[in-house]
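Any read-out appearing in this document is the output of simple, stated calculations on the displayed coordinates, not a laboratory observation. Keep in mind the model is a prediction, meaning the values are calculated, not measured. Quick reminder, even Gly has a Cβ in these numbers, built from the backbone with ideal geometry, and neighbours come from all protein chains shown.
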């Protein structure tokens, strides 16, 4: 029973964190609904997709870290480490919501924020789970490899 509660806590936390990180895509979906004169209640599709996407990506990343490095961070460490990625998502959603007309500026700023957020998240994750161990660099490289494969960031 305790394992089920722990898994449920991980799932809900990662789902909500994914909604925050991919909020820029939710705002983009909102504008698409507005432009196409669609039904606004369909925004839940974007919310579910964003949350599940981050849950699946996190499960793959944590599984690979567990297989390769034999290390699994706690939920608190993982959420704190991915804070820069969440800030990048919030910046992207603000840019999409308020500066939707300046498309070249918005796209460049969004992508730079996401790339910096990704790099900072991997460095912080590597630093936190391998403090005092030799696997710091390999953790960062493994995390970057997994996230660059899983998160298509068009530059």
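Observations
- Residue within the stretch 46-55 that is touching a residue at least 40 places away in the same chain (Cβ under 8 Å) and under 19 Å from residue 122 (Cα atoms) present: yes
- Yes/no for residue 50 being surrounded by 15 or more Cβ atoms within 10 Å (Cβ to Cβ) and over 20 Å from residue 129 (Cα atoms): yes
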